[in-house]
Amino acid sequence: MISTKSTSEGDRDVLTINNLTGRSLVLNRPKALNSLTHPMVQTIKRHLLEWRQSDLCDVVVMRSNSSKAFCAGGDVVEVSRAWKDGNHGAAMKFFQDEYQMNHLVASYEKPLVALINGYTMGGGVGLSVHAAFRVATEASVFAMPETKIGFFPDVGATFFLPRMDGQTGVYLGLTGQWLRGRDLLYAGIATHYVPSERLPMLEKRMQEIGTRDHQVVNQAIEEFAMQPEEGDEIEYSLADVREAIDRCFRYNNMESIVEALKQETEKKEWAEKTLESLGKMSPSSLKLTLEQLRNGQRLNIQQALGLELRLAEKRLGSKDMHEGIDALLISKTGKPAWDPASLESVDMRELHKEYFEDPCKTSPIEFIDHEVAFEKYPHSFGLPSEREIMDLVTGINPQAGSFGLKRSEVVAFFERERAKKIGVAAKVNWVLDRKTREHKDSYVLEWIK
């Protein structure tokens with residue numbers, strides 16, 4: 001049944017459903033595309049903690065009451081207003097609680113299933129991407145557009161973006177590029193792709209499944225998944241530019257990335273559009289984000305969220321964040337006056353000192369599961385990553401054995417490991433096409449660096 005026992009703001013905007021051994025969190029702020037307010041964050045955290053302790057709850061589902069959006073972000077307008085009004089503690093408390101909630105989702109012991117139907121951006125990504133199961137649909141739209149408002153990708157993006165294939169995460173974090181539908185599955189953001197019309201049946205199945213076994217839950221979700229249309233082409237909008245993304249976004253400073261895009265000839269039209277997108281972003285946000293994501297490669301989940309709290313405090317004290325929020329979300333002129341106005345005007349030494357060295361005034365995040373500080377996600381129910389495929393082909397994975405592997409053997413390995421998951425063969429073959437060559441006599445694969 002739907003819970004109506006509380007009339008607080010958080011409980012009006014976050015409904016709950018209890019049915020058999022399943023529990024559902026339902027985001028219910030459709031007019032604001034379910035943008036997370038502080039009361040919503042607190043309510044979500046409270047329910048997750050209650051259900052974690054309950055012997056009657058086996059699986060938790062998170063979804064939206066709107067077909068348009070799962071969650072389009074955090075309510076940064078209210079955060080900006082609080083900061084400008086001098087209520088710095090309230091503004092930072094929002095981020096403390098939100099990042100604490102993100103970590104709770106990442107460390108949740110029971111199966112947590114996020115149905116990311118519709119717009120899933122910013123805070124909505126943080127609410128879902130750390131869950132063991134993330135179900136995308138044909139209506140899913142993913143983005144981390146924070147550099148456009150003078151902020152940086154947060155809610156754990158410091159952790160998950162650098163761990164995506166190649167330079168994909170850096171590209172998404174800097175440009176705010178949208179991914180849609182099955183893109184989310186091939187990019188590793190979603191673990192499953194299910195048509196939206198099947199979501200009510202999937203939720204019902206989760207409510208009656210009666211187990212906390214992640215493998216059983218994984219197979220149950222897979223029963224609702226949809227096969228891609230037959231054909232040789234992978235249904236991934238970034239497939240055609242993946243090599244160009246790695247070529248142009250491999251550098252450790254924004255000037256080199258911009259120069260590489262200017263010099264790109266193979267995917268010239270994409271490079272020009274990317275330069276146009278970057279030109280609209282806050283220059284200081286771009287440099288900050290790149291440094292943040294390069295650091296994130298070496299951080300565990302707690303360290304990543306802790307760094308984001310520091311960066312959030314510093315960014316709230318800057319002009320650009322409030323300028324971007326006003327221009328794009330309040331006055332909606334669409335023309336923020338960034339300061340500094342160009343990449344060349346941003347002194348990287350000063351930026352690094354201010355954001356990464358100077359002390360943070362805000363108290364550290366009090367992680368609920370303080371012992372959980374992993375460097376890789378504990379669950380892997382999505383498609384294999386490029387790194388996993390490389391490790392098998394090159395023999396780093398001990399299961400590869402002492403002899404080289406043929407293409408059919410690599411595909412068979414991952415199909416067996418992922419229990420014949422839909423999309424495995426398509427992604428593995430696509431990666432092998434790009435990253436390997438066959439020896440003429442033996443057909444054994446060699447990884448091309």
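The values are calculated or read from the model by the stated rules, or taken from the named source; none is laboratory data. Since the structure is predicted, the reported quantities are computational estimates derived from the model, not experimental observations. With ideal geometry, Cβ positions are generated from the backbone for all residues, glycine too; neighbour counts draw on all protein chains shown. Please note that ligands, DNA and RNA were not included when accessible areas were found on the heavy atoms of the full protein model with its side chains. Shrake-Rupley method; radii C 1.70, N 1.55, O 1.52, S 1.80 Å.
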Only unsatisfied item for Leu172, checking (1) open to solvent by less than 20 Å² (accessible area, probe 1.4 Å); (2) assigned to a helix (DSSP H, G or I); (3) in contact (Cβ under 8 Å) with a residue 40 or more places away in the chain, is (3)
In the set Ile245, Ile221, Ile257, Ile234, the lone residue that is crowded, with 17+ Cβ neighbours inside 10 Å, at pLDDT below 95 and under 23 Å from the mean Cα position of the chain (by Cα) is Ile234
Quick one: would you say Asp369 is of a type in the set (Asp, Glu), in a loop (DSSP other than H, G, I, E, B), touching a helix residue (DSSP H, G or I) at 6+ places or on another chain (Cβ under 8 Å) and closer than 25 Å to Leu305 by Cβ? yes
Among the residues of segment 294-340, the number that are touching a Phe, Trp or Tyr at 6+ places or on another chain (Cβ under 9 Å) and not charged (D, E, K, R) is 20
Among (1) open to solvent by 50 Å² or more (accessible area, probe 1.4 Å); (2) within 16 Å of Tyr171 (Cβ to Cβ), Asp339 falls short only on (2)
- Query: Any chance segment 377-396 includes a residue that's over 30 Å from Phe224 (Cα atoms), assigned to a helix (DSSP H, G or I), open to solvent by 80 Å² or more (accessible area, probe 1.4 Å) and modelled with pLDDT under 95?
  - Reply: no
Scanning segment 187-200 for residues that are part of a helix (DSSP H, G or I) and more than 13 Å from the chain's Cα centre (by Cα), the one farthest from Glu243 (Cα to Cα) turns out to be Pro200
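What about Tyr193, is it of a type in the set (Ser, Thr, Tyr), touching a Leu at 6+ places or on another chain (Cβ under 6 Å), buried (at least 18 other Cβ atoms within 10 Å of the Cβ) and closer than 24 Å to Glu417 by Cβ? Spell out the reasoning first.
Working: of a type in the set (Ser, Thr, Tyr): yes; touching a Leu at 6+ places or on another chain (Cβ under 6 Å): yes; buried (at least 18 other Cβ atoms within 10 Å of the Cβ): yes; closer than 24 Å to Glu417 by Cβ: yes.
Yes, satisfied.
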Here the residues within segment 336-366 that are charged (D, E, K, R) and in a loop (DSSP other than H, G, I, E, B) are Asp339, Asp347, Asp358, Lys361, Glu366
Exactly one of Val77, Val41, Val61 is more than 16 Å from Gln96 (Cβ to Cβ) and under 20 Å from the mean Cα position of the chain (by Cα), and that one is Val61
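How many of the residues in segment 397-421 are aliphatic (A, V, I, L, M), buried (at least 17 other Cβ atoms within 10 Å of the Cβ) and not in a helix (DSSP H, G or I)? Steps first, answer last, please.
Within segment 397-421, the subset aliphatic (A, V, I, L, M) is 400, 405, 410-412, 419.
Now narrow it down to the ones that are buried (at least 17 other Cβ atoms within 10 Å of the Cβ): 400, 405, 410-411.
From what is left, the residues that are not in a helix (DSSP H, G or I) are 405.
Within segment 397-421, residues that are aliphatic (A, V, I, L, M), buried (at least 17 other Cβ atoms within 10 Å of the Cβ) and not in a helix (DSSP H, G or I) number 1.
So, in segment 246-301, how many residues would count as being among the basic types (Lys, Arg) and under 23 Å from Asp154 (Cβ atoms)?
Of the residues in segment 246-301, 4 are among the basic types (Lys, Arg) and under 23 Å from Asp154 (Cβ atoms).
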task = Scan segment 224-238 and give yes if some residue there is touching a residue at least 12 places away in the same chain (Cβ under 8 Å) and either farther than 30 Å from Asp433 by Cβ or not in a loop (DSSP other than H, G, I, E, B) (or both), otherwise no.
result = no
